[in-house]
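The structure under discussion appears below in the form of structure tokens.
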Amino acid sequence: MADDGSASNRRDPIKSSVGNVAGQRRRQQAVTVAKERRESLVRAKRLCRVGTNGGDDEDARVENEMMIDEEQPVLEAQTVKAVEELKSAVQSQGKGAMQKRVTALRELRRLLSKSEFPPIDAALTAGAIPLLVQCLSFGSPDEQLLESAWCLTNIAAGKPEETKALLPALPLLIAHLGEKNSAPVAEQCAWAIGNVAGEGEELRNVLLSQGALPPLARMIFPDKGSTVRTAAWALSNLIKGPESKAAAQLVRVDGIVDAILRHLKKTDEEIATEIAWIVVYLSALSDIATSMLLKGGILQLLVERLATSDSLQLLIPVLRSLGNFVSVDPKAMLTILIGGQNTEENAINVLGKCLRSEHRVLKKEAAWVLSNIAAGSIEHKRVIHSSEAMPLLLRLLSTSPFDIKKEVAYVLGNLCVESAEGDARPRIIQEHLVSIVSGGCLRGFIDLVRSPDIEAARLGLQFIELVLRGMPNGEGPKLVEGEDGIDAMERFQFHENEELRVMANSLVDKYFGEDYGINE
Amino acid sequence: MAMEITQFLLAAQSADARVRTEAEGSLKQFQEQNLPQFLLSLSFELANNEKPSESRRLAGILLKNSLDAKDSGRKELLVKQWCAIDLALKSQIKELLLRTIGSSVPEARHTSAQVIAKVASIEVPQKQWPELVGSLLSNMTQQESPAHLKQSTLETLGYVCEEISHHDLVQDEVNSVLTAVVQGMNQAANNAEVRLAATKALLNALDFSQTNFENEMERSYIMKMVCETACAKEPVIRQAAFECLVSIASTYYEVLEQYMQTLFELTAKAVKEDEESVALQAVEFWSTICDEEIDRQEYDSPDTGDSSPPHSGFIEKALPHLVPMLLETLEKQEEDQDHEDDVWNISMAGGTCLGLVARTVGDGIVPLVMPFVEINIRKPNWRSREAATYAFGSILEGPTIDKLAPMVAAGLEFLLTATKDENNHVRDTTAWTLSRIFEFLHTPDSGFSVISPQNLPRIVGVLLESMKDVPNVAEKVCGAIYNLAQGYEDAGASSSLLSPYLTEIIQHLLAAAERTDGPESKLRSASYETLNEVVRCSNLLEASGIIGQLLPVIMVKLGQTMDLQVVSTEDREKQAELQASLCGVLQVIIQKLSSKDETKPIVMQNADQIMMLFLRVFGCHSSSVHEEAMLAIGALAYATGAEFAKYMPELFKYLQTGLQNFEEYQVCSITVGVIGDICRALDDKILPFCDQIMSLLIQNLQSDALHRSVKPPIFSCFGDIALAIGGHFERYVATALQIMQGAAQVCAQMDTLDEELMDYGNQLRRSIFEAYSGILQGFKDAKAELMVPYAQHLLQFVELVSKDSLRDESVTKAAVAAMGDLADVVGEKIKPLFSNFTFCGEFLNECLDSEDDDLKDTARWTQGMIARLMVT
């Protein structure tokens, strides 16, 4: 500005004291921290998903406090000796040293594989890990690598603390996953890593931060072989969450989606099983993976698998993946259901096949998938309603165990109403309601009303409400009365759950009040 | 017709308050009732040589203030008023002003020159004063023009050039102005006043001279004149000429090659023997060349494929002569140099320039400086010792660690001992040099540090001992401890090295903060900021006990500030300053302790009392909200999470006050940020306060009086609120989106040549996208359909941004994310829109090719979201 005393050029001296700048920097930092928090919050929202993986419980570990096996002390002594042998083998140099190492490793591996309760603790106490790590060093012969990875695999299969003892070995195990290694060595390392990854999230994070994922992922690219299967299994352990970053990292590996789709297409059921577990976690944890897989036509492949396989091992992850995809994106399912290739019957019928299966888990998962489909649009409902699965569902409602019954009730209930928006009372699809009621399902729903499970009881009451309100010619109340429905509802008169109490009471008042029966 | 207002103008300067107030009232009334006549009357007064100089001076000031104001809102109003005035009357005023620069009274000429520049700043860009330049130039060309008219005319030209942009003049006009100015510098033809005015005018006209500097003949002529003027007899003229050279160094670096030899000789001579004011500008010339070369080196990073502007390596070439010249300045310290930060003298400037040279050439400077250091650092004369130390400290940034490490390792012990030097200056510079060593040669996390477990005890011992030295030295020692602690940040296990000393360090810092022997509060604030850094960079698990003990100590101190006796405004300021430091410490402690689950409970246990203290701090200052307390409250909200709700009823009024504090806009901005923190802490428990918060935020956005830098944070805050309250944001959505769309429009129309404005534009755009993302994600589960009507606008905005090549990476990221959120949240209903906006694919591909992993991730996610939408 054209004002007096325009200051001549000068700059801040290099020699200044800390106070002012530091204060500014600190305030700036506070603002940055807030910004980072905002970003991580939004990121979390973007990646989070309504139903994460349904917690496939690991089998409860067999508690093994009473060691009655008489051989155990002997085994432990042998193990300590084997570790000693290995130690001297590792130290020895020159001719025959390599052979000596392999022999010692093989003995230790044999001991660690021998019993129901392998002497892992003894091996660890004797100092096996540093020796095994040393045997994994670069440039070691394949046989030596294989045996030490094998020992580590068995140790990793132990109790959590024992698995954790592998920490120093992880970088080398991961290093030997690379393409340059022989297939058996890579596979054995993948196996060990799979065991470690299965232990828990903390170790998974360590593995991820050490870069285990990309080489494992590339191991599933070949078309066949036990290596593919082992790697796929290890990979599924590695990405199982609950954090989603591993799944996100996996989809970023070039070509992974193609490999997954290819394996699902191929006949090998064992590989397909492990791949299907990967799909379960990807579809539960990664939006990007979900959309990429959908785009690759995975639904069709899953449905085909369902149609053609009898392997329970395979069907469970396939069904669960299907359910994940459907719950995220019902529309995608619709393209399969009413897509041009007349696969319409196939998809539902295939689920019907599972409903017919002997296996309770399979039935329940299939009913869950169907209930997700039935929650979709009117078209979804029509397809199910007109399918062969209907009589099956009606039968299951009256005959199956409670947990399956409940899933089935969700399917049937969903079929009778248009998907509700907001608080409005759901619009009834009368055609479906009439046919389902005439199929004899009312009894089953009224049974649910009597169950102590609040959710099931609510489902039952909601269905009764539909019948009372929606059956033509006002025949609802009579039907409900005929199946002892009034009695079932009156049990709620003094129920502790207020919502159900109010719901049941108001239904009784409204439809079976003073005027009921007067016109008879 | 102009009115006679001399009496009022004189009375308005009367010593008698009653008379003064009355006159001011009359003038104000006149101004409000008839602005055109008022301005005309002032111009008459200013132009009339018969009038007393006092009334003319005030007339000039009033005229200037009627045309320009610091506040941008007021300025806009004044411009509008001026433009509305009748053309004939304006011509009359301008005529009078131009006549006044020929007045025999210097002060009237000077004032008039300033007023003309203000009028020019309004009218020249609008082409409403075409005759201005011509009329000024004719003053210069007419033989009979008296010297004082030429002098004022040149002054006016200088001011006018400063006010307008070079786009406002055609090249012919630029040429004539330059010619007139350069001729005015001619020693043979003009007196000293004229030459000084011409040289100062040239400084402002240099920006206009792009074309002239491209032409070698014109350029060499201008350079010759400037160099001649730099040897003028009068020091003020020499200084002005060197100021021109500084400006030329930064604006026309590319064409300096052929003049460098001459320029070096000129500056060397000035540095050596000229008066300090001139020598300072000569040093500044070289500092500016360093700035240019450092800029070019940074720009020239290998990953940007752009062709960088040419780098002539002037510093490299001049190095053998330049360094000795600068070293010589270091020994010209002032005898009783004040140790304030605003001291500026030749030795300070020389050292600062030496530091820049080191950053420019790196290793090359070391062999040129080290002999000087070695010879002088042990001399009996304190000036030599101080200069040697200062030289050493100055070159620690720039050269490689490999080059510096051996020397620093060898010299460290000497420096530690020198903290006991008998001379205050030497100790001051020694402590500062230590702090530079720790700043640049102590980075354990990247693998190098001059500090080892072996020498650490000695270093800490020496530093703590020196904390008791005179205040200026103690302050520099704070800097050393600051950098020492900072080096251990993120250093993993080695951060433990400092843990055993924490208690003692903290004790010493607290003691230094209590000292009263220094000027003002500088040592105190340096001590507290250093304390903050020590806490922030400590190994939390090892230091949690100590920090836990520090917390109540600081709380007590803050409590005591409420009991300080406050009588005067000065007392009030002192109290606020002390509270600021202590709140700053609390903020850092809270942030540190709440970063780990193990230590969070320490904050939680004290939260009620801490909050009460903050509320009392607010209570101390009725007119404004305390900035640092607000910042600390943000940290507390994060630490306490949902429990923070209980403080809201009492806190809320201060949040409101903070949001309404337009004057201290940083306070407003921090309050906006804290509301974001609170949203994240409270989630939907913030709801009861949202109506009022949103109303204030919206008023702030709509206000011209609020500093613009606060507006981007407000949009981001919309996003925070929406994320917290989800579907409840419905009631604000229409208004919020309308303003967001308006702001997006403003961004689209910004002047892309104005760098500062573009920076603001980037912040604004990013924040608008953040608001979109927050609102979309907030509506995800409940009210997604509410966003359907806005989808088109959002995509248009993204498209516009995607086509802007100047956009910042962070804007791109926010834009891509918002687009993904739209696909994710709204889905099906806007599917056709995505098919219409064909730019998406290309834009996403561009982002996927980015070097920035974050951006790539986001783009991939968005691609997935859109793909999912399109597949179904």
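Please verify whether the range B:744-752 includes one or more residues that are out of contact with any helix residue (DSSP H, G or I) (no Cβ under 8 Å at 6 or more places or on another chain), within 21 Å of B:SER669 (Cβ to Cβ) and in a helix (DSSP H, G or I). Don't jump to the end; show me each part of the working.
Keep residues of the range B:744-752 that are out of contact with any helix residue (DSSP H, G or I) (no Cβ under 8 Å at 6 or more places or on another chain), which gives B:745, B:749.
Still in the list and also within 21 Å of B:SER669 (Cβ to Cβ): none.
Within the range B:744-752, not a single residue is out of contact with any helix residue (DSSP H, G or I) (no Cβ under 8 Å at 6 or more places or on another chain), within 21 Å of B:SER669 (Cβ to Cβ) and in a helix (DSSP H, G or I).
Within the range B:737-748, identify whether any single residue is over 16 Å from B:GLN656 (Cα atoms) and crowded, with 23+ Cβ neighbours inside 10 Å, and answer yes or no.
Yes, the range B:737-748 has at least one match.
Between B:GLU598, B:GLU577, which is within 14 Å of chain A (Cβ to nearest Cβ), more than 21 Å from B:ILE675 (Cα to Cα), surrounded by fewer than 23 Cβ atoms within 10 Å (Cβ to Cβ) and touching a residue at least 24 places away in the same chain (Cβ under 8 Å)?
B:GLU577
Mind checking which residues of the range B:641-679 are surrounded by 24 or more Cβ atoms within 10 Å (Cβ to Cβ) and either away from chain A (no Cβ under 11 Å) or of a type in the set (Phe, Trp, Tyr) (or both)?
B:GLY658, B:LEU659, B:CYS668, B:THR671
Please verify whether the range B:250-259 includes one or more residues that are among the hydroxyl-bearing types (Ser, Thr, Tyr), away from chain A (no Cβ under 12 Å) and outside any helix (DSSP H, G or I).
yes
Which of the residues belonging to the range B:624-640 are more than 10 Å from chain A (Cβ to nearest Cβ) and of a type in the set (Ser, Thr, Tyr)?
B:SER624, B:THR640
Go through the residues of the range B:777-785 one by one and say whether even a single one is buried (at least 16 other Cβ atoms within 10 Å of the Cβ) and among the hydrophobic types (A, V, I, L, M, F, W, C).
Going through the range B:777-785, the residues buried (at least 16 other Cβ atoms within 10 Å of the Cβ) turn out to be B:777-780, B:783-784.
From what is left, the residues that are among the hydrophobic types (A, V, I, L, M, F, W, C) are B:779, B:784.
Yes, there is a match, as at least one residue in the range B:777-785 is buried (at least 16 other Cβ atoms within 10 Å of the Cβ) and among the hydrophobic types (A, V, I, L, M, F, W, C).
Having 1 or more residues that are more than 23 Å from A:ALA248 (Cβ to Cβ) and within 11 Å of chain A (Cβ to nearest Cβ) is the bar; report the helices (runs of 4 or more DSSP H) wholly within the range B:761-872 that clear it.
Hits in the range B:761-872: B:831-836.
Specify which of the listed residues (B:GLU54, B:GLU45) is farther than 16 Å from B:THR156 by Cα, surrounded by 22 or more Cβ atoms within 10 Å (Cβ to Cβ) and free of Cβ contacts under 8 Å to residues at least 60 places away in the same chain.
Answer to the selection: B:GLU45.
If we keep just the residues of the range B:4-23 that are among the hydrophobic types (A, V, I, L, M, F, W, C) and surrounded by 14 or more Cβ atoms within 10 Å (Cβ to Cβ), which is farthest from B:LEU42 (Cα to Cα)? Before the answer, list the steps.
Taking the range B:4-23 as the starting set, the residues that turn out to be among the hydrophobic types (A, V, I, L, M, F, W, C) are B:5, B:8-12, B:15, B:17, B:19, B:23.
From what is left, the residues that are surrounded by 14 or more Cβ atoms within 10 Å (Cβ to Cβ) are B:5, B:8-12, B:19, B:23.
Values: B:ILE5: 8, B:PHE8: 11, B:LEU9: 9, B:LEU10: 13, B:ALA11: 15, B:ALA12: 14, B:VAL19: 20, B:ALA23: 15 Å.
For the range B:4-23, the residue satisfying everything is B:VAL19.
Being within 14 Å of another protein chain (Cβ to nearest Cβ), surrounded by fewer than 22 Cβ atoms within 10 Å (Cβ to Cβ) and either closer than 17 Å to A:PHE325 by Cβ or among the charged types (D, E, K, R) (or both) is the requirement here; does A:VAL251 meet it? Steps first, please.
Values: within 14 Å of another protein chain (Cβ to nearest Cβ): yes; surrounded by fewer than 22 Cβ atoms within 10 Å (Cβ to Cβ): no; either closer than 17 Å to A:PHE325 by Cβ or among the charged types (D, E, K, R) (or both): yes.
Answer is no for this residue.
Looking at (1) more than 22 Å from B:LEU636 (Cα to Cα); (2) within 14 Å of chain A (Cβ to nearest Cβ); (3) at pLDDT 90 or above, which is the one condition that is false for B:CYS583?
Unmet for B:CYS583, out of (1) more than 22 Å from B:LEU636 (Cα to Cα); (2) within 14 Å of chain A (Cβ to nearest Cβ); (3) at pLDDT 90 or above: (1).
Is the range B:530-546 home to any residue that is touching an Asp or Glu at 6+ places or on another chain (Cβ under 7 Å), surrounded by 15 or more Cβ atoms within 10 Å (Cβ to Cβ) and not in a helix (DSSP H, G or I)?
yes
Residues B:LEU723, B:LEU687, B:LEU701, B:LEU682: which one is more than 11 Å from every other protein chain (Cβ to nearest Cβ) and buried (at least 20 other Cβ atoms within 10 Å of the Cβ)?
B:LEU682
Here is a check on your reading of the model: is B:LYS75 within 14 Å of chain A (Cβ to nearest Cβ) and closer than 21 Å to B:THR111 by Cα?
yes
Just for the range A:458-502: of the residues that are of a type in the set (Asp, Glu) and touching a Lys or Arg at 6+ places or on another chain (Cβ under 8 Å), which one is surrounded by the fewest Cβ atoms within 10 Å (Cβ to Cβ)?
So, considering only residues that are of a type in the set (Asp, Glu) and touching a Lys or Arg at 6+ places or on another chain (Cβ under 8 Å), the one surrounded by the fewest Cβ atoms within 10 Å (Cβ to Cβ) is A:GLU499.
B:ALA69 fails exactly one of the following numbered conditions: (1) farther than 30 Å from B:LEU706 by Cβ; (2) without any contact (Cβ under 8 Å) to a residue 12 or more places away in the chain; (3) not charged (D, E, K, R). What is the number of that condition?
Going through (1) farther than 30 Å from B:LEU706 by Cβ; (2) without any contact (Cβ under 8 Å) to a residue 12 or more places away in the chain; (3) not charged (D, E, K, R) one by one, B:ALA69 breaks only (1).
Out of the residues in the range A:150-206 that are among the basic types (Lys, Arg) and free of Cβ contacts under 8 Å to residues at least 40 places away in the same chain, state the one that is surrounded by the most Cβ atoms within 10 Å (Cβ to Cβ).
Checked the range A:150-206; the qualifying residue surrounded by the most Cβ atoms within 10 Å (Cβ to Cβ) is A:LYS164.
For the range B:122-131, does any single residue satisfy the condition of being touching a Phe, Trp or Tyr at 6+ places or on another chain (Cβ under 9 Å), among the acidic types (Asp, Glu), away from chain A (no Cβ under 14 Å) and within 22 Å of B:GLN92 (Cβ to Cβ)? If you could, list the steps in order and put the result at the bottom.
First pass over the range B:122-131, keeping only residues touching a Phe, Trp or Tyr at 6+ places or on another chain (Cβ under 9 Å): B:122-123.
Of the ones still in play, those that are also among the acidic types (Asp, Glu) are B:123.
With away from chain A (no Cβ under 14 Å) added as a condition, the list becomes B:123.
Subset that is within 22 Å of B:GLN92 (Cβ to Cβ): B:123.
Yes, because at least one residue in the range B:122-131 is touching a Phe, Trp or Tyr at 6+ places or on another chain (Cβ under 9 Å), among the acidic types (Asp, Glu), away from chain A (no Cβ under 14 Å) and within 22 Å of B:GLN92 (Cβ to Cβ).
Do you know which residues across the range B:379-396 are crowded, with 17+ Cβ neighbours inside 10 Å and over 20 Å from B:MET325 (Cβ atoms)?
Initial filter on the range B:379-396 (crowded, with 17+ Cβ neighbours inside 10 Å): B:383-396.
B:ARG385, B:LEU396, listed by residue number.
Please enumerate the residues belonging to the range B:809-844 that are more than 15 Å from B:LEU794 (Cβ to Cβ), at pLDDT 85 or above and not hydroxyl-bearing (Ser, Thr, Tyr).
B:GLU809, B:LYS813, B:LEU844
Output the number of residues of the range A:405-429 satisfying the condition of being modelled with pLDDT under 80 and either in contact with a strand residue (DSSP E or B) (Cβ under 6 Å, 6 or more places away or on another chain) or under 21 Å from A:ARG356 (Cβ atoms) (or both).
The total comes to 1.
Can you say whether A:ASP258 is among the acidic types (Asp, Glu) and outside any helix (DSSP H, G or I), as far as the supplied structure shows?
It is false that A:ASP258 is among the acidic types (Asp, Glu) and outside any helix (DSSP H, G or I).
The values are calculated or read from the model by the stated rules, or taken from the named source; none is laboratory data. Predicted, not measured: the structure shown is a model, and the values here were computed from it. Glycine also receives a Cβ, built like all others from the backbone with ideal geometry; neighbour counts cover every protein chain displayed.
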